[in-house]
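Report on the following structure.
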Amino acid sequence: MITKQEIEKALEERHSSGIQESLRKARVAVAGLGGLGSNIAVSLARIGVGHLHLIDFDRVDITNLNRQQYFISQIGMYKTDAIRENLQRINPYLDIRTECIKIQEDNVRELFQEDDYICEAFDVPEYKAMLVNSALEYFPGKYLVAASGMAGFGDSNKIRTRRITDHFYLCGDETSTAEEVPGLMAPRVALCAAHQANMIVRLILEKHKESV
């Protein structure tokens, strides 16, 4: 079994000790563990973000396997349990907190109280709008990274990250929907998820630069 010290040493060799310490201290919430959220969580776990708060109420379904970070053997499991299992295979020493609960306007304030960064990773536009509006109202000082438009197999270069306000960023092409184009597919969904994960990392490390 590889030790915590060995994993941390390997990460520090890749990223530097100062950067890795900032990643290790960061507290990131991922709201929704589907195509966006499961890929975001895997990216953040691989680079050693130390505290992950993962929220979803759904179970793994066979239709999820075309784009989400789950396996056939996990069909029927709650996504919170399945993603925890998968992330622990990457790095068993991370602090992973999961909550199997539906995020609604009346529980947003309580759910995200301890998080510094919030990733919106829902499929349904109405849920996206609810979380974005609630987070901006309740947590104006927290960083929010949301997504809009990553369906089909369109131009990769149309996926972008745009700054909306000082603490709010939006990733995607902002136009394509699963209803208008041929569904949600792994490459483009994962591309948007990578934009979100990378934006979170940029925000963490911008704070790191300010502190050195």
Identify the residue in segment 45-75 that is in a helix (DSSP H, G or I) and closer than 26 Å to Tyr127 by Cα and, among all such residues, is most open to solvent (accessible area, probe 1.4 Å). Ile62
Can you tell me which residues in segment 135-187 are within 21 Å of Leu65 (Cβ to Cβ), touching a Gly at 6+ places or on another chain (Cβ under 6 Å) and small (Gly, Ala, Ser)? Ala147
Pairs needed: first member in segment 101-113, touching a residue at least 60 places away in the same chain (Cβ under 8 Å) and within 11 Å of Leu131 (Cβ to Cβ); second member anywhere, part of a loop (DSSP other than H, G, I, E, B) and open to solvent by 90 Å² or more (accessible area, probe 1.4 Å); C-beta distance under 9 Å; at least 6 residues apart or different chains. Ile103/Phe57
I need every pair where a residue in segment 58-73 that is over 16 Å from Cys100 (Cα atoms) and without any contact (Cβ under 8 Å) to a residue 12 or more places away in the chain has its Cβ under 7 Å from the Cβ of a residue that is hydrophobic (A, V, I, L, M, F, W, C) and surrounded by 12 or more Cβ atoms within 10 Å (Cβ to Cβ), sequence separation at least 6 or different chains. Ile72/Leu65
Can you tell which of Leu36, Leu23 is open to solvent by less than 50 Å² (accessible area, probe 1.4 Å), under 25 Å from Gly76 (Cβ atoms) and in a helix (DSSP H, G or I)? Leu36
Looking only at segment 131-153, count every residue that is of a type outside the set (S, T, N, Q), open to solvent by less than 40 Å² (accessible area, probe 1.4 Å) and over 17 Å from the mean Cα position of the chain (by Cα) and tell me the total. 3
Report yes if some residue within segment 129-142 is in contact with a Ser or Thr (Cβ under 8 Å, 6 or more places away or on another chain) and closer than 20 Å to Ile40 by Cα; otherwise report no. no
Working only within segment 21-75, note down all residues that are among the hydrophobic types (A, V, I, L, M, F, W, C) and over 12 Å from the mean Cα position of the chain (by Cα). Leu23, Ala26, Ile47, Phe57, Val60, Ile62, Leu65, Phe71, Ile72, Ile75
Considering only segment 154-197, state which residues are over 20 Å from Leu131 (Cβ atoms), under 17 Å from the mean Cα position of the chain (by Cα) and open to solvent by 70 Å² or more (accessible area, probe 1.4 Å). Arg160, Pro187
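The values are calculated or read from the model by the stated rules, or taken from the named source; none is laboratory data. Quick caveat, the model's predicted, so the values are computed rather than measured. When we count neighbours, we look across all protein chains shown, and the Cβ atoms used for this are built from the backbone with ideal geometry, even at glycine. Only protein heavy atoms, including side chains, enter the accessible area calculation; ligands, DNA and RNA are left aside. Shrake-Rupley method; radii C 1.70, N 1.55, O 1.52, S 1.80 Å.
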